[in-house]
Amino acid sequence: MKIKICGFTNADNAREASLLGIDAIGLVFYDKSPRHVDVESALAIVNALPPFINRVGLFVNADSSFIDEVLCEVPLDTLQFHGDESVAECTQYAMPFIKALRVNQETNITQMADDYHQASGLLLDAFNKDTYGGTGEAFDWSLAKVDIDLPIILAGGLNPDTVAEAIK
């Protein structure tokens with residue numbers, strides 16, 4: 001099991017979390033999120049981290065020029081696309097990426113895995129028509145029981161009890 005914590009907004013918190021043995025941090029470059037960071041803050045956060053922590057930049061329907069700007073300033077290891085990005089938009093950066101899906105009964109995870117087969121994984125989050133994640137809500141994890149070749153990453157509503165349930 002790997003652990004990624006998303007939404008760091010300052011270097012001190014990210015450094016403290018890294019001491020707990022997390023595998024990755026997520027930096028939210030979506031200005032509608034309360035966990036949004038600007039480029040300057042993101043750079044300070046990644047510079048405060050020890051080696052071998054994967055630095056993930058989370059984007060929601062961002063212009064490619066903005067993503068390019070972030071990539072020029074902030075050393076990221078992985079991109080996370082949490083909006084309605086096409087396969088072409090996700091693959092144009094020639095670096096590892098995670099594609100997030102907002103899951104409900106209509107979500108065809110198998111088809112999305114086929115479409116986004118170049119992804120490093122699919123992040124499954126609760127569907128909410130008004131927002132692109134960060135709700136703290138879990139979805140019906142039985143929907144994630146699919147046979148696909150990509151790693152599945154669970155998000156939303158995670159706590160010690162729900163993580164134990166998810167592992168089952």
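Just so you know, all these numbers are worked out from the coordinates, no wet-lab data involved. Keep in mind that what you see is a predicted model, and the values were worked out from it rather than measured. For neighbour counting, all protein chains shown are included, and Cβ atoms are generated from backbone atoms with ideal geometry for every residue, glycine included.
Values computed for the structure shown
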read-out	value
Ranked list, fewest to most other Cβ atoms within 10 Å of each Cβ, for 66, 127	66, 127
For residue 54, distant residues with modelled amide H under 5 Å away	24, 25
Overall Cα dimensions of region 30-129, principal axis frame, Å, largest first	40, 28, 27
Estimated translational D of the chain in µm²/s (Stokes, Kirkwood radius over Cα pairs; 25 °C; 0.890 mPa s)	150
Most mobile listed residue (154, 71, 20) in the chain, GNM with C-alpha springs under 10 Å	20
